[in-house]
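The values are calculated or read from the model by the stated rules, or taken from the named source; none is laboratory data. Bear in mind that the values here come from a model prediction, so they are computed numbers and not experimental data. Here the Cβ positions follow ideal geometry from the backbone for every residue, glycine too, while neighbour counts run over all protein chains shown.
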Amino acid sequence: MALVLNEEQRLLQDTAREFLQQRAPVEALRKLRDSRDATGYDPSLWREMCELGWASIILPEAYGGLEFGFAGLGLVVEESGRTLSASPLFATGVLGASAILLAGNETQKETLLPQLAVGELTLALALEEHHHHRPTHVETRLAAEADGYTLNGEKCFVLDGHSADQLLVVARSSGEPDSSNGLTLVLVPRDSAGVRCTRTVMADSRNAANLQFDQVRVPAEAVLGRVGEAGPLLEQVLDRGRIAMAAEMLGLAKESFARTVAYLKEREQFGALIGTFQALQHRAAQIQVELELCQSVVLQALSTVDEQPQQLPLMASLAKAKLNELAKRVTNEAVQMHGGIGVTDELEIGFFLKRARVAMQILGDTGYHKDRYARLCGY
Amino acid sequence: MALVLNEEQRLLQDTAREFLQQRAPVEALRKLRDSRDATGYDPSLWREMCELGWASIILPEAYGGLEFGFAGLGLVVEESGRTLSASPLFATGVLGASAILLAGNETQKETLLPQLAVGELTLALALEEHHHHRPTHVETRLAAEADGYTLNGEKCFVLDGHSADQLLVVARSSGEPDSSNGLTLVLVPRDSAGVRCTRTVMADSRNAANLQFDQVRVPAEAVLGRVGEAGPLLEQVLDRGRIAMAAEMLGLAKESFARTVAYLKEREQFGALIGTFQALQHRAAQIQVELELCQSVVLQALSTVDEQPQQLPLMASLAKAKLNELAKRVTNEAVQMHGGIGVTDELEIGFFLKRARVAMQILGDTGYHKDRYARLCGY
Amino acid sequence: MEQLETFRTEVRQWLQDNCPESQRSPALPEEQYWGGRSGSFAGEDARLWFERMHARGWTAPEWPEAYGGGGLNPQQARVLKEEMKRINARTPLYSLGIWMLGPALLEYGNEEQKLRHLKAITGGEIRWCQGYSEPGSGSDLASLQTRAEDMGDHYLVNGSKIWTTNADKSDWIFCLVRTDPGAKKQEGISFLLIDMATEGVSVTPIELISGESEFCQTFFDNVRVPKENLVGELNKGWSIAKALLVHERKLMSEMGSESPRLQVPPTAAARDYLDFVDGKIADAQLRSDLVDYEMQMQAIGLTHFRCFEEKAAGVQSAAPLVMKYAGTEAEKIKSELLLAIMGTRGLGWEGESFSAAELDTLRLWAMSKAMTIAGGTSEVQLNVIAKNVLQLPQG
Amino acid sequence: MEQLETFRTEVRQWLQDNCPESQRSPALPEEQYWGGRSGSFAGEDARLWFERMHARGWTAPEWPEAYGGGGLNPQQARVLKEEMKRINARTPLYSLGIWMLGPALLEYGNEEQKLRHLKAITGGEIRWCQGYSEPGSGSDLASLQTRAEDMGDHYLVNGSKIWTTNADKSDWIFCLVRTDPGAKKQEGISFLLIDMATEGVSVTPIELISGESEFCQTFFDNVRVPKENLVGELNKGWSIAKALLVHERKLMSEMGSESPRLQVPPTAAARDYLDFVDGKIADAQLRSDLVDYEMQMQAIGLTHFRCFEEKAAGVQSAAPLVMKYAGTEAEKIKSELLLAIMGTRGLGWEGESFSAAELDTLRLWAMSKAMTIAGGTSEVQLNVIAKNVLQLPQG
C-alpha cells in the first residue's frame, strides 16, 4: 500500500531522523555557513551516511545497493529537509545515481555505482544555462573529434558543482538550442583541464556553482548512453529529482510548521497564549489541511517512481508545484507568527525560509510545473 | 479634487440613495422576478428617474442634459448597486447615451438625446456574439445596398435587448471576423422586420436577450458615425460601461458587506456574538481594506472619463478587474458568514451573490482585464 | 476467503438475473425511490428491482434478517456493493432510515422499537427525515430550544426544526429535543421519534438561492408524543446524535462519489467553452485557475485513498479530519470555475436558451455555497483541526 | 498667500546658492549623516550642507528658534520641503531626535529639558535611539518589564530593550519604563531619557535573516538615572508613547517614499529577466502575478492620494487606517515576485557572481518579512480595523 509506510520503511525513516537530528541539525548548517566552509558539507558525515546506505538506497544489490526503492530514498530526503542537512544526498544520491542507473552502460554502472555507494564518488548534474529552469535550453556544445569530443559552454546553478568529483554535463551534440533532440550526457572530472568553477554563495548557505568549459577534452567512453539521445532519459532523471526535492520540502514544511505550532503554545501576548487567537488557529489549521494533502501527493509520487513510471511526469509536476506553494506559505507564516524573533538570524526559522526559496527554484518553479501539468493533461 | 466628493456630488448621491431605497429596493427586484414581469423593470419608475435627470446626467445642456459629468453618473449607478434596482440606467443611461454622444452626428444627437433624457427612448447595445466578452469578435454583417444596408447575424447577452426601443448594433461592414477595423454602429428599431428577440432569464433576474437579424433593412441615416470606423469610439463607450459597472459593483459590495457586518453584531453562536470571533474579524477587516482600495479606484476611474481620457483604457481595466474580484469575494463571504440563512432565498444576500456573477461577466471578466491591463502597460 | 469468492459468484449471478436492464445506470433525482406513504416508483422496473432486493433483505444488507435486513457480514456487504457497482445497479431504496436512523436504533433502541421501525424502513413503508438544527442554532447544535415536557404518559413537544430535508415528503421525523431545560448545553437533550401525522406538526418548505426547496422548516405546536418513542436514555440524546454524525459524514462523502446529478467536469467544460491555441487553453487566467483546481483535486483524491489505506492498516493520522474542509472548499472553487469557463452561458436561470447542463451548472453553483455551511461549517472544521490535531490552547 | 510665494522664491534661491551639487541626489545609506558623538560626514560637501542648513535652523524647520529650529509655520515648512524635493536635496541630518523625541519633548518636556536636549539634537551633537519593545513583549507594548525604581535622588533602572535600532551608534536612549509595578498594564509606565554612557548600559547587535544588524538589544543593569530625566508626569508615559506612535507611522510612510535603497521595480525586472513573446511576458504565471501586484499598487497609490485629499478637505474616512496593512503586505508580495522573476539570480547571498541589484533584492526580500511585524503587526492592524472601523464586538 503506497500511501502508508510499511514496517521496513518506518524503521528507515526513524533511523534517518535520529541520525540527522543528532549529527546534522540546523545548527550544523549554521556552523558551515559562519565558518565559510570551503566544501559546504562535512565529508566525514557523508561517509557515515553512505555507511547507513543512503547513497545506495535505490541501487540494485549487484552494484552494492540496498535496492530499497525510491520510496525509501524519499523518506531519508524528507528527514534531511527537517534538519536542512547539507550533504551530497540530492546531487549524488538522487540525481547522480539515477542518471548512471538510467543512462549508463553496464561498464559504467559496474565501475561507478559501487564507488558512489561507499561515498568515494560524488557527482553534480551540470544542466541549467538560464536563471529559470529550462531543461532543453542547452547551448553547451559537445563536438566530435578524431579521438573523442571537446566540450565548450557555460552552466549555472550547478548543485554541488564546486565540490563534486565528477560533473554530469548535459551538452548539445546536435539540434537547435531549445530542442530535446540532440542532447548528450557526459561525465567530466571536475579537475579536467579547461573546467573553470566559481562557487556561488546562495541564500540557503548550500552548494552551487557556475561552471565554464573551455575546450575540455572528453573521451568517447565518458558519454553516458547514446550520443544525442539523452533527452528522454534526462527527463526521467529530472522527474526523480523533482519528486525528491518535493520530499525534502515536505520535511522542511513539517518542521517549520511544527516549530511554529509549538511557539503558538508557549508565546504570550496581551495576556493570552497567542495560540488561543482564533485568526491564528484558522491559519494554522488551513496549513495542516494543505500539509495532509501534500503528504499524500509526496507518498504517491515517490511510489510512482518505483511502480508506475508512465505517470512519472504528471506526478513529478504535481508534487513539485504543490510543495513549492506549501513551502512558501508555511515558511512565510512561520516567520510572521514568530513575530519579531522570527526575523532574527538567531532563530533557525530564517534558515527554513531561505532554503525554501532556493528549493522552489530547483528543477522548476510553480509556474513551470503548472504549465507542464496542463500540457501533460492536454490543455 | 477627484477622490473626494464635492457638495453637489454628495447631494446627488444622497438623493439617489434615498430614492432608490424607497422606490426600488431589493424587494422590488424580487417582485419583478416572482411575477415574471415581461419588461423586467418598472417603466413608470424609470420615467421618475428621468425626471430626476438620471438619464441625462452626462449629456450637455444643449440636448436636455444635466452636464454633471460621468463622476456624477457613477454615484447614481453605485447607489443602484446597493439596491440592485432594475432599470435602463446602465443600458440606456450609460452605454446608449455614451454611444450617441461619442459616435452620433449632430442630427442624431439633436433627435435622440432629448428623447433619451426624458425617458421616451430606451436603447440596448447589441455587441456580444460569444459567451465570453470579445468586443471585436463581430460576424454580424452589414452589407451595402442601393438604398441603405441589410443586417444579418446573431447577438447574445444583449442587456435590455428584449425591452429597448432601439438596438445599437455593432456590425461588420468590412475586415476579418476579429479585427477592430471595419466595425459599424447602426441603430435598429427593435420592432423592425427581420429582428427576432428571445429574452434570456439570467441568474440575476435582470434583462438580457439573444437577438437574430435576418435580412433587416437599415437606412443610411441609421449609421452612427462613419461606416467601418466605429472601433475606437466603441472602445471608449465600452470603457465607460466598464467603469460604470465597476461603480455598480462597488455599491453591491458595500451593501452586502454592510449587511454582513451587521449580522456579525447580532448573531449568536456558542454563547457569543459571532462578530467576536477573531477569524471572522480578520476576514471582515481584510475585506474592509480591499473596499477602501476599490473605493479609490472607482472614484479615480470615474473622474478619468471626464478629465483624463488618455488614461481611460488603463483605468477601466483596473476598475473592472479589481471590482470583479471584490464583488466575488464579498458576496461569497457574505453567504458564508450568514451561515444557513445565507443560502435561503428568503434572505436578500442571494440576490447580491447572483447579480455579482452576472456583473463579473458584463464587458469583460477578470482575466480579460488583467490581460488588457498588462498589454496596455507593454508586458 | 474462498467462501467470500463463492458468495461473489452467487451475487453476480443473482444480480445478472434479477436487476432489470433499465436499473443499470445512475438514477436521476426523479428516478430515485425514497419509499414512504406518499412514495412512488418511476416505473415498473424500479418497483420490480426494489421488491426483489427487499425480498433478499438487501435494501439494508448488513441489518439482521429479523428486521428485514440481509444479515450479511461486512465483507459480504462490501462484495455486494462492489458487484452492484460493477453493473451500475441502482440503489433500490434511498432512505435516511437506512443510512442514519437505523444504525442509531440498532445501537440504542429497545427491541420493541427495532421490530416496529426497522422493518418499516427496510420495506420502504415509512420515510424518515431528520430534525437536528433549529432556527438560530446554526453550527451550535447544543443550543437547541425545542422542548419536550414530561406530561406523565406522553411528552408535549413545542418548537421548530429547520433544514429538515424533504420533511414535506416524510412520514416520521427523528429529533433532538430538550428534556431538561435546567441542564448545561449538551446535557438534558433527548432523542425522540415523532410521527408527522400527529396533530400539531406542520411543515413549510424553504426556498434556497439555487431555486430549490427540498429543505423545510418543521413546526411542533403542542404535539403529544408517546413515551415509547424515546430512544435510549432520557437526557442522553447527545451521544446518539454524535454517533449519527459519523454516519452523516460518511453518507455525504459517499453521496458525492455517486452524485445523481452529474456536474460537468471543469476540464470537459474547458474543451466545450474555451478556445485552444497550440493545444493550450488560450485564456491564461482560466487555464491557471483550472490547473490549480485539478491539482488540488488530485491531492484530495490521493488523500481519500490514503485515509482508506490507513484505516485498513490500522494507522491513525489527521488526514480524515481535514477532508470535509478540503473537499467542500474545493467544490465551491469548482463551481466558480465552471461559471467562469462557461461565461454568460453559465448564468442562465431557466428557459430553452440554455442547455440542461448549463442550467444545472448554475443551480449546483448556488448549492455549492451550502456545502461549507451544512454538516459543520468550514469555520467549525478549522476549529476542530486547531483543537484536536494541532492541540492549540483554547481561549 | 503672497507672503508664502515670496518665501518660496527666497528658499529656492537660497537652496540654489547653498546646496552643493553633490547633495542633490538621493543619499545611499552610507552617505547619510546621523550626527552624534561618533557620527561622521561622508564628505566635505555633506558637512558644508549640514552646517549651512543648521545655521538657518532648517535641520528642524518647524521647531522654535530658541531650540535651534527654524521657527517656520507649517505652510512654510511645506514649501521648504517641496523646494528641497524639487532639486532632490538630501536631508542634511537624519535623526530620531528630530522625528520622534523632539515632538514629544516640545509637547511634554519642561523648559530645562527642551533647552538641554533639543539644541543638541538640531545641532547633530547627540544621536538618539528608541527603547520601547522588550524581549517577549512583541505587539503587546503595555506588558513591558523594564523597571525604574525610585531611589530618592535617582531612578535605578533594570531590564532590557530590544529592536533598539542603531543603539550601538547612539548616545542617548528614550525609553518606556515601569515605575509602578502594581498598576494595571498601561498605567504605571513612565517616559525616561537615559545617557547610554552611564555605567550599566550595554548593547548587543542582533543579526537579522537579511544578514543585517542595525537592530540591537540594550541591557540596563542597575543603571542610575537622574530624576530630571523623567519626561512628563510619573506613570503617565503611555500617553506620550501613543502620541509618538503617530509620528512613527508618519515617519515610516515618508521613509518609504524616499527609500534610499531603491529596489528594482518588478516591471523593470521583468524586462531584464523574463522572455517576451509578441510583446507579452512568456511565463503566464509570472505575468499574472505581476499584473495582480501592479494593480494592487495602483489601488494603494490612489488610496494614498485619497487620504491626502480627504485630509485637505477635512473629510474623515477609514482609508488611512488600512494603509499600513495594505502597504506592507503588498511590499512582501513585491519582494516574493522579484525573487520569482529573477529566478536563481535573485537567490545570491554574496560574491561577485551576482550584481549589486541582485544581492540587494534578496536582502530586501528578507527585510520585507519584518515590515508586517514592526510598527504594529498585520494581525494588530486587522484587530484595529475590526474594532475601530467595523466596530465589531470584542469578546
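Annotations
- Residues located in region B:137-164, provided they are of a type outside the set (Gly, Ala, Ser) and surrounded by fewer than 19 Cβ atoms within 10 Å (Cβ to Cβ): B:His137, B:Glu139, B:Arg141, B:Glu145, B:Asp147, B:Thr150, B:Asn152, B:Glu154
- The set of residues in region D:273-306 being within 14 Å of chain A (Cβ to nearest Cβ), part of a helix (DSSP H, G or I) and not charged (D, E, K, R) consists of D:Tyr273, D:Ala284, D:Gln285, D:Leu286, D:Ser288, D:Leu290, D:Val291.
- Boolean, C:Gly279 is without any contact (Cβ under 8 Å) to a residue 12 or more places away in the chain, in contact with a strand residue (DSSP E or B) (Cβ under 7 Å, 6 or more places away or on another chain), in the same structural domain as C:Thr267 (by TED's automatic domain parsing) and at positive phi: no
- Any hit, region B:23-34, residues being hydrophobic (A, V, I, L, M, F, W, C), without any contact (Cβ under 8 Å) to a residue 60 or more places away in the chain and farther than 24 Å from B:Ala117 by Cβ: no
- If you filter region A:113-131 down to residues that are touching a residue at least 24 places away in the same chain (Cβ under 8 Å) and part of a helix (DSSP H, G or I), you find that the one that is surrounded by the fewest Cβ atoms within 10 Å (Cβ to Cβ) is A:Pro114.
- One residue alone among A:Leu168, A:Leu159, A:Leu102, A:Leu185 is touching a helix residue (DSSP H, G or I) at 6+ places or on another chain (Cβ under 7 Å), more than 20 Å from A:Leu211 (Cβ to Cβ) and not assigned by TED's automatic domain parsing to the domain that holds A:Val305, and that residue is A:Leu102.
- Of the set (1) over 26 Å from C:Glu310 (Cβ atoms); (2) surrounded by fewer than 20 Cβ atoms within 10 Å (Cβ to Cβ); (3) away from chain C (no Cβ under 12 Å), all apply to A:Leu238 but (2).
- Output for region D:1-27, where each listed residue is of a type in the set (Asp, Glu) and surrounded by fewer than 11 Cβ atoms within 10 Å (Cβ to Cβ): D:Glu2, D:Glu5, D:Asp17, D:Glu21
- Residue match in region A:187-201 (condition: crowded, with 22+ Cβ neighbours inside 10 Å, within 25 Å of the chain's Cα centre (by Cα) and over 21 Å from A:Leu102 (Cβ atoms)): yes
For (1) hydroxyl-bearing (Ser, Thr, Tyr); (2) buried (at least 23 other Cβ atoms within 10 Å of the Cβ); (3) more than 19 Å from the chain's Cα centre (by Cα), each residue gets a yes or a no:
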| residue | (1), (2), (3) |
| --- | --- |
| B:Leu183 | no, yes, yes |
| B:Gly231 | no, no, yes |
| B:Lys254 | no, no, no |
| B:Leu273 | no, no, yes |
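- Just one residue in the set C:Leu144, C:Leu80, C:Leu106 is crowded, with 21+ Cβ neighbours inside 10 Å and not assigned by TED's automatic domain parsing to the domain that holds C:Gln186; that residue is C:Leu80.
- Residues satisfying the stated conditions in region B:288-304, i.e. β-branched (Val, Ile, Thr) and either more than 15 Å from B:Met249 (Cβ to Cβ) or at the interface with chain D (Cβ under 7 Å from one of its Cβ atoms) (or both): B:Val289, B:Val297, B:Thr304
- All positions within region D:350-383 that are at the interface with another protein chain (Cβ under 8 Å from one of its Cβ atoms), assigned to a helix (DSSP H, G or I), of a type in the set (A, V, I, L, M) and within 29 Å of B:Phe257 (Cα to Cα): D:Leu382
- Counting only residues that are within 17 Å of B:Thr331 (Cβ to Cβ) and at the interface with chain B (Cβ under 8 Å from one of its Cβ atoms), region C:336-345 holds 3 of them.
- Residue in region D:307-322 that is more than 8 Å from every other protein chain (Cβ to nearest Cβ), in contact (Cβ under 8 Å) with a residue 60 or more places away in the chain and crowded, with 22+ Cβ neighbours inside 10 Å present: no
- Scanning region D:67-78 for residues that are touching a residue at least 12 places away in the same chain (Cβ under 8 Å) and either touching a Lys or Arg at 6+ places or on another chain (Cβ under 8 Å) or polar (S, T, N, Q) (or both) yields a count of 5.
- Residue check, A:Glu307 surrounded by fewer than 23 Cβ atoms within 10 Å (Cβ to Cβ), in contact (Cβ under 8 Å) with a residue 60 or more places away in the chain and closer than 30 Å to D:Pro135 by Cβ: no
- Any chance B:Pro88 is modelled with pLDDT of 95 or more and more than 30 Å from C:Asp272 (Cβ to Cβ): yes
- A:Ala272 vs. criteria in contact with a Ser or Thr (Cβ under 8 Å, 6 or more places away or on another chain), farther than 30 Å from D:Glu214 by Cα and within 8 Å of another protein chain (Cβ to nearest Cβ): no
- With respect to (1) free of Cβ contacts under 8 Å to residues at least 12 places away in the same chain; (2) within 24 Å of B:Gly81 (Cα to Cα), the lone exception for B:Glu176 is condition (2).
- When D:Glu379, D:Glu329 are checked against the criterion of being surrounded by fewer than 20 Cβ atoms within 10 Å (Cβ to Cβ) and either under 18 Å from A:Leu353 (Cβ atoms) or within 21 Å of the chain's Cα centre (by Cα) (or both), D:Glu329 stands alone in meeting it.
- Enumeration of residues in region B:336-374 that are in a helix (DSSP H, G or I), facing chain C (nearest Cβ under 10 Å) and among the charged types (D, E, K, R): B:Lys354, B:Arg357, B:Lys370, B:Asp371
- Note on region A:38-81: residues that are modelled with pLDDT of 95 or more and polar (S, T, N, Q) total 2.
- Between B:Ser205, B:Ser192, the distinction of being in contact with a helix residue (DSSP H, G or I) (Cβ under 7 Å, 6 or more places away or on another chain) and not assigned by TED's automatic domain parsing to the domain that holds B:His338 belongs to B:Ser205 only.
- Checked against the criterion of being touching a residue at least 12 places away in the same chain (Cβ under 8 Å), closer than 25 Å to C:Gln381 by Cβ and either in contact with a strand residue (DSSP E or B) (Cβ under 6 Å, 6 or more places away or on another chain) or not β-branched (Val, Ile, Thr) (or both), the candidates C:Leu156, C:Leu144 yield just one match: C:Leu144.
- Within region D:168-210, considering residues that are closer than 21 Å to D:Leu118 by Cβ and among the aliphatic types (A, V, I, L, M), the one surrounded by the fewest Cβ atoms within 10 Å (Cβ to Cβ): D:Ala197
- For region B:314-373, the tally of residues that are modelled with pLDDT under 95 and at positive phi stands at 1.
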